[in-house]
Each structure stands twice: as structure tokens, then as C-alpha cells.
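The values are calculated or read from the model by the stated rules, or taken from the named source; none is laboratory data. Everything quoted here is computed from the prediction, not taken from an experiment. Because the Cβ atoms are built from the backbone with ideal geometry, glycine has one as well, and the counts that use them run over all protein chains shown. Heads up: the accessible areas ignore ligands, DNA and RNA and are worked out on the full protein's heavy atoms, side chains in. Shrake-Rupley method; radii C 1.70, N 1.55, O 1.52, S 1.80 Å.
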Amino acid sequence: MIRRLEAIGICGPLLSWFKSYLTCRRQYTSCNGSSSTELLVKAGVPQGSVLGPRLFSVFVNDLPSILAGEGIEVVMHADDLSIIAFGSDQREAALNLESCLAKLHIWSCSSRLAVHPGKSEILIIRQSNRPQRHDASTLQCHYAGVPIPVKATIRLLGVTIDGGLTISAHLGELIKKAEGHLALLRRTKHLPFDARQRLWLQKLLPTISYAITIWRSGPKLLVGKLDALHRHAAKVLLGRPFRDDGHLALRDIGWDSLDLLYKKKLLMLGFSAANKTCPPPVQQFFRGSATSRGSSSANQRFVLPSSSAKSISRNAVSFRTMQLWNMAPKAIKSSCSSSALKRLLKANTPTLVSFLQNFCF
């Protein structure tokens, strides 16, 4: 850890402080009043420390450059590592992945940071119009001698995707989850109205609306079921019959529809992109912005690809964000900060609500 801190330019008194913080620490386990023998901590950082996540990021900072190679791209988020291997066919991609996994094993041993093969999965992604030349079951890759299973779907940062990069499987899971949440809401009739409303808005709804900017452009039938379940939750809280109008229930209870929530999320993303504060992997999708860094976001317009351009899908998050941002009212674009924009979106002014409800992609 000290060597890695030196590698990123930390030196002098600050490096000495880190050495004092990280070395000569001991740990033990305590259970039911009994404690184990203390052991010297020779690696790692103190558990539960504020600096722990930052130091971990520094520790694995060199991993993407070490694993990089022909036919390999590496994406990291905290301790989640995604290796994208590609080639002219599946077998070539598998060979590239095997080579990358060998590098990962060497790095893991030298860094004394274990990678759990049992939590590793492979997803084969291919163009739908190209034939599958090899059986997926024969394309086995190994890490440290342990075979990594090939899956039809994988869960990546909480979102389930399949080999066609569709979101249908994830929406199916969300529908089941929403139905379970609705059943729980029905069983809380003994609780006060405010408590039940907080339960839905603060605990249950966030698990459904997570990654809404990704799944909202999925199949309309599945998205429509989620919309209906959210409206039904409003009817359950208001004690209205099943056949009552769910849109009126949302209006009367003062909730945003999932569609409004989705568009507000896109506006927040558009604000970040217009001010060039998105992470670089995200900001690159907004390279067509017409103004330069430092200019007011109120004057910002994104340059949309032509209708014939195939480099971006019209259902893509970036395309829809740029569409919505270009048409947004000036009051939205002229927000001085992201927190100010959040307050404005939360206020639900008639002008804002009318704009969002009438805007169609």
C-alpha cells in the first residue's frame, strides 16, 4: 500500500502519516465476552475506516493498465471488475479473456488480494444478426484453474442483462419485486397513513426505480406493468377500488408517475453533461455539445446525431437526455447547481409538470 501511495506522488510528511496510520496495527475477534489472540495486520486497511474505500481505490488503481491488451477493455466500479473481451468470433474472444485472466491471477498473487472465482461469471454478447459459430457450453475459461460458468444473464451493478444487451429479464425481476412490495403495503393497514406512505416512497419505490434511466426504454408492455403497479400503490394507500383511475390517485396523493421520475433523472444527467461534470466514460457520449467548458448551461444545446446515424440508438440514455435537455425550459437550464436543480424539480411547478408530461421521445 505504501509503495502504491508513493507511485501516485504522495511523499514527505503525508506519506509518513500514512505509514503511521497503516503499520503496527493489531486485530482480534470478540464474541460473547471472549476475545481471540491479537494478530499483527500485515496487509489491508482498518475495517470500517473512512479512508478504507479511498485507499482501496489507490491500491487497485494500476489494475486496468496491467490487464489492458489486444481485444480487452477493463471497467471498474469500487471492487467490481468487468473485463470485456472481444474478437472476430467467440473462440478468439475466449482466448483473449484467458490471457487477461492469467494476468489478473499474477497481479492478485503479487498484491495479496484474492479474486473469488465463485463470484465470477461470463456473458457472451453477440450481434443478433450474426450466427453463433460455437456452442457456449464449450467456451470454458478458467481463473486459477477454476472454470468460470457461462450464464444466459448476469447482474451488473444491480442490473440484469442478457447476451443481446436487452433489459427484459431485469424488468421481469422488477415486476415480481413490485408485486411483492404491493402485497406488503396491503398488509400494513394498521399503520398510520404517513408511515405507509414513507414506507413506499423511501423504502420500496427506490428498489424499483433504481437504474430507471436504463430500463425505462425497455419493452413497453413490461414498463407499462410497472407504471400500473406504482399507480395501484397510490390507490391502496388512498383506499380506493382496484378499478379506479390510477392517474387520478397519483395526482390526489401528490406522487410523481414513473415517467415523470424518469424524465427528472434525465434532466439531472443533462445538467451534469452540460456542465461537463459527468465521469469521463459517461461524458464521452455527450461530445457533441455545442458550447465549451465554462459556458453557462442555460445556453447549452447538444448536437444530436442525424436520423441516419447508426452510432447511437434513439432509445439510448444519452440520446434521450440530449433530446430532453435541448427542449427544457430556461428555468431548468439556468440552475446554478445540481442541488438547486433538485429543489426545482421537487417543487413540481405547473410549467415543469406540463413540459414533462407533454414531452415525447
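What pairs can you find where one residue is in the stretch 258-273 and within 12 Å of Ser209 (Cα to Cα) and open to solvent by less than 10 Å² (accessible area, probe 1.4 Å), the other is polar (S, T, N, Q) and assigned to a helix (DSSP H, G or I), and their Cβ atoms are less than 8 Å apart, with a gap of 6+ or different chains?
Leu258/Ser209; Tyr262/Thr213
Please list, ordered by first then second residue, the pairs with beta carbon atoms under 8 Å, 6 or more apart or interchain, first in the stretch 141-160 and closer than 15 Å to Pro117 by Cα and touching a residue at least 12 places away in the same chain (Cβ under 8 Å), second outside any strand (DSSP E or B) and β-branched (Val, Ile, Thr).
Taking only residues 6 or more apart or on different chains, the pairs are Tyr143/Val115; Ala144/Val115; Val150/Ile124.
Determine whether the stretch 166-175 contains at least one residue that is in a loop (DSSP other than H, G, I, E, B) and at pLDDT below 90. Reasoning before the result, please.
Here is the first cut: in the stretch 166-175, the ones in a loop (DSSP other than H, G, I, E, B) are 166-167.
Next cut, at pLDDT below 90 only: 166.
The answer is yes, given that some residue of the stretch 166-175 is in a loop (DSSP other than H, G, I, E, B) and at pLDDT below 90.
Please give the number of the condition Leu226 fails out of (1) open to solvent by 40 Å² or more (accessible area, probe 1.4 Å); (2) within 28 Å of Ile161 (Cα to Cα).
Tallying (1) open to solvent by 40 Å² or more (accessible area, probe 1.4 Å); (2) within 28 Å of Ile161 (Cα to Cα), Leu226 fails exactly one: (1).
Can you report the number of residues in the stretch 105-114 which are without any contact (Cβ under 8 Å) to a residue 40 or more places away in the chain and surrounded by 15 or more Cβ atoms within 10 Å (Cβ to Cβ)?
Step one: filter the stretch 105-114 for residues without any contact (Cβ under 8 Å) to a residue 40 or more places away in the chain, giving 105-106, 108-110, 114.
In the following step, the residues that additionally are surrounded by 15 or more Cβ atoms within 10 Å (Cβ to Cβ) were identified as 105, 108.
Residues meeting the conditions: 2.
Would you confirm whether or not the stretch 144-163 contains a residue that is among the small types (Gly, Ala, Ser), touching an Asp or Glu at 6+ places or on another chain (Cβ under 8 Å) and closer than 30 Å to Trp107 by Cα?
Keep residues of the stretch 144-163 that are among the small types (Gly, Ala, Ser), which gives 144-145, 152, 158, 163.
After this cut, where a residue has to be touching an Asp or Glu at 6+ places or on another chain (Cβ under 8 Å) as well, the list is 152.
When the remaining residues are screened for being closer than 30 Å to Trp107 by Cα, the result is 152.
Yes.
Residues in the stretch 194-212 that are in contact (Cβ under 8 Å) with a residue 24 or more places away in the chain and open to solvent by 30 Å² or more (accessible area, probe 1.4 Å): how many?
Looking only at that region, the number is 4.
For the stretch 61-74, state whether one or more residues are aliphatic (A, V, I, L, M) and open to solvent by 50 Å² or more (accessible area, probe 1.4 Å). Spell out how you get there, then give the answer.
Here is the first cut: in the stretch 61-74, the ones aliphatic (A, V, I, L, M) are 63, 66-68, 72, 74.
Next, only the ones that are open to solvent by 50 Å² or more (accessible area, probe 1.4 Å) stay: 66, 68.
Yes - at least one qualifying residue is present in the stretch 61-74.
What do you reckon, is Ser311 open to solvent by 90 Å² or more (accessible area, probe 1.4 Å), at pLDDT below 90 and out of contact with any His (no Cβ under 8 Å at 6 or more places or on another chain)?
Details: open to solvent by 90 Å² or more (accessible area, probe 1.4 Å): yes; at pLDDT below 90: yes; out of contact with any His (no Cβ under 8 Å at 6 or more places or on another chain): yes.
Here the answer is yes, as Ser311 does meet what is asked.
Kindly indicate which of Ser168, Ser209, Ser217 is in contact with a Pro (Cβ under 7 Å, 6 or more places away or on another chain) and within 28 Å of Met268 (Cβ to Cβ). Spell out how you get there, then give the answer.
Working: Ser209 fails: in contact with a Pro (Cβ under 7 Å, 6 or more places away or on another chain); Ser217 fails: in contact with a Pro (Cβ under 7 Å, 6 or more places away or on another chain).
Sole residue among the options that is in contact with a Pro (Cβ under 7 Å, 6 or more places away or on another chain) and within 28 Å of Met268 (Cβ to Cβ): Ser168.
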